[in-house]
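J.: Can you read through this structure? Questions will come right after.
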Amino acid sequence: MIKTKNDLKSITVNGLREGIGIINITHLLSLEELKNKGKLFGKLELEINSSIGFHKHIDDFEVYYILKGKGLVKDNKANYIVEEGDVIYTTSGESHSLTNIGENKLELLAVVINLE
């Protein structure tokens, strides 16, 4: 199967996971295409100063792959600066948030996989 960019569904979310600002999400695969094995496979764009709020993963794990920009990740209790090429892995029972601290949009791929 090939999906062109015109086939992809995009949404805009304000305050994702009780974060701040605007996040644009392009779903690269639908929930149906993920076959109940995952909750998300998408490209996210965080506007300047926008964030995905601090949240805990239960019975799933999430991976972010930074494509462009600069972000601040709160990984459980520690803070890290992330940039293009960095990977953030948050497993079940762990918590994280992501804030765009750069001068441009922060772009990333995000994947959420169910453990069961």
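J.: When only residues in the range 82-101 that are part of a strand (DSSP E or B), of a type outside the set (S, T, N, Q) and in contact with a Lys or Arg (Cβ under 7 Å, 6 or more places away or on another chain) count, which is farthest from GLU47 (Cα to Cα)?
T.: Out of the qualifying residues, it is HIS96.
J.: Being part of a loop (DSSP other than H, G, I, E, B) and surrounded by fewer than 16 Cβ atoms within 10 Å (Cβ to Cβ) is the filter here, so list the residues in the range 102-116 that pass it.
T.: Answer for the range 102-116, where residues must be part of a loop (DSSP other than H, G, I, E, B) and surrounded by fewer than 16 Cβ atoms within 10 Å (Cβ to Cβ): GLU103, ASN104, LEU115, GLU116.
J.: Those residues that are polar (S, T, N, Q) and within 17 Å of VAL13 (Cβ to Cβ), I need them from the range 48-78; list them, please.
T.: Matches in the range 48-78: ASN49, SER50, SER51.
J.: What number of residues in the range 77-116 are of a type in the set (Asp, Glu) and touching a residue at least 40 places away in the same chain (Cβ under 8 Å)?
T.: The total comes to 3.
J.: Okay, moving on. So, in the range 11-52, of the ones that are surrounded by fewer than 17 Cβ atoms within 10 Å (Cβ to Cβ), modelled with pLDDT of 95 or more and among the polar types (S, T, N, Q), which residue ends up nearest to TYR64 (Cα to Cα)?
T.: Among residues in the range 11-52 that are surrounded by fewer than 17 Cβ atoms within 10 Å (Cβ to Cβ), modelled with pLDDT of 95 or more and among the polar types (S, T, N, Q), the one nearest to TYR64 (Cα to Cα) is THR26.
Rundown of residues vs (1) in contact (Cβ under 8 Å) with a residue 60 or more places away in the chain; (2) within 14 Å of the chain's Cα centre (by Cα); (3) not in a strand (DSSP E or B), yes/no style:
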{"position": "GLU33", "(1), (2), (3)": "no, no, yes"}
{"position": "ASN36", "(1), (2), (3)": "yes, no, yes"}
{"position": "LEU40", "(1), (2), (3)": "yes, yes, no"}
{"position": "LYS43", "(1), (2), (3)": "yes, yes, no"}
{"position": "ILE52", "(1), (2), (3)": "no, yes, no"}
{"position": "TYR64", "(1), (2), (3)": "no, yes, no"}
{"position": "LEU72", "(1), (2), (3)": "no, yes, no"}
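The values are calculated or read from the model by the stated rules, or taken from the named source; none is laboratory data. If you're wondering where the values come from, they're calculated on a predicted model, not measured in any experiment. Note that each Cβ is placed from the backbone with ideal geometry, even for glycine, and that neighbours are counted across all protein chains shown.
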